[in-house]
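**Q** Got a structure for you, written out below as structure tokens; questions coming shortly.
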Amino acid sequence: MHYEQDTSIRNAATADPPASRWTAPATRKSFLKGAAAAGATATGLGALGPALAFAKPGSLAPGNSKASRGDLAILGAAQIAEALAVTTYTNIINTAPFFKNLASDDQGYLEAAVQEEMSHYLLEESVTGKPTPFTSFYYPPNMFTDAQTTLNILVTLEDAFIAAYLVGVRDFSTPDLKVTAARIMGIESDHRTLARVVGPGVAGGDGGPIENITGIQKVAESVDPPNNNGYERTLGLTNISQAVEALEPFAVKSVAEAAGFDVSHPYTFVPFTPTLPNPLGEFNSFAG
């Protein structure tokens, strides 16, 4: 399975996961402004209502509640995160040398994940009424050539996504939105665990087996067991402005450059129509 996306492969050294030194008030303000702009026209729409059948654009249904300004800020940030996730998974599948040497079930996880992230993006876009304001993303050197770097960054991103959706669970203004955030967060948690499952399956010629993966907290954690959380990690985040900090180096060129990311080649987000693995796991409605 191949997804149309930028296929250039990066060269260079080791990646560091996101850290607070990558953030600054000016870049944080501009990043949040972009997220807010994504939702600026959605104030009068039902909260996620138009997305009740996101895979079937001809049968959209209205929601029963309004999205507040705060809701839209969270959704706009989540939309950027999902675009980044789609771009990341797409390029792992299309360009990472280790991917083709994984077992078929590990390949299948990554292929399903990109479909799921795209469906999340479209759900959020249906509320904000606009595409993501960030469509080019940056990564550390060796992101798609070194399997250890790939999995470190993949888990780092999933850590950030989980914590961001937990902000939504806490701060969204309606029960429908809170439950929807929890439903998406559960899938991001699956992705984090399965990225850790992939590590030991990396072939020896690709730098495997990978037995430790470093996520957003900059601690190398054993992949045994891969599901090593008793409770999801909030990372101490209490508002969406904190949640976007980990994403800034991936989306804002000046922050990426300061973080040592490879800014010579941005990777472009290419939307597509997703096909989810199982109809029972589609959004369907607020009732599931």
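The values are calculated or read from the model by the stated rules, or taken from the named source; none is laboratory data. Please read all numbers here as calculations on a predicted model, not as lab measurements. Cβ coordinates were reconstructed from backbone atoms using ideal geometry, including for glycine residues, and neighbour counts include every protein chain displayed.
**Q** For the condition in contact with a helix residue (DSSP H, G or I) (Cβ under 9 Å, 6 or more places away or on another chain), under 16 Å from A195 (Cβ atoms) and either of a type in the set (V, I, T) or buried (at least 24 other Cβ atoms within 10 Å of the Cβ) (or both), what is the one hit in A83, A103, A113?
**A** A113
**Q** When the residues of the stretch 49-104 are narrowed to those that are at pLDDT below 70 and part of a helix (DSSP H, G or I), which ends up nearest to the chain's Cα centre (by Cα)?
**A** Among them, the one singled out is A51.
**Q** From (1) over 22 Å from V198 (Cα atoms); (2) surrounded by fewer than 22 Cβ atoms within 10 Å (Cβ to Cβ), pick out the condition that doesn't hold for A181.
**A** Going through (1) over 22 Å from V198 (Cα atoms); (2) surrounded by fewer than 22 Cβ atoms within 10 Å (Cβ to Cβ) one by one, A181 breaks only (2).
**Q** Please give the number of the condition V219 fails out of (1) closer than 27 Å to P141 by Cβ; (2) β-branched (V, I, T); (3) touching a residue at least 24 places away in the same chain (Cβ under 8 Å).
**A** (3)
**Q** Inside the stretch 93-111, can you point out the residues that are among the aliphatic types (A, V, I, L, M) and either over 17 Å from T149 (Cβ atoms) or touching a His at 6+ places or on another chain (Cβ under 8 Å) (or both)?
**A** Matches in the stretch 93-111: I93, A103.
**Q** Take the conditions more than 20 Å from S241 (Cα to Cα) and free of Cβ contacts under 8 Å to residues at least 40 places away in the same chain and apply them to F144. Does it pass?
**A** Taking the combined requirement at face value, the residue does not satisfy it.
**Q** Can you report the number of residues in the stretch 174-215 which are modelled with pLDDT of 95 or more, part of a loop (DSSP other than H, G, I, E, B) and either over 20 Å from the mean Cα position of the chain (by Cα) or of a type in the set (A, V, I, L, M, F, W, C) (or both)?
**A** Residues meeting the conditions: 7.
**Q** Any idea which of N278, N239 is more than 19 Å from the chain's Cα centre (by Cα) and either within 30 Å of A103 (Cβ to Cβ) or surrounded by fewer than 20 Cβ atoms within 10 Å (Cβ to Cβ) (or both)?
**A** So the residue among N278, N239 that is more than 19 Å from the chain's Cα centre (by Cα) and either within 30 Å of A103 (Cβ to Cβ) or surrounded by fewer than 20 Cβ atoms within 10 Å (Cβ to Cβ) (or both) is N278.
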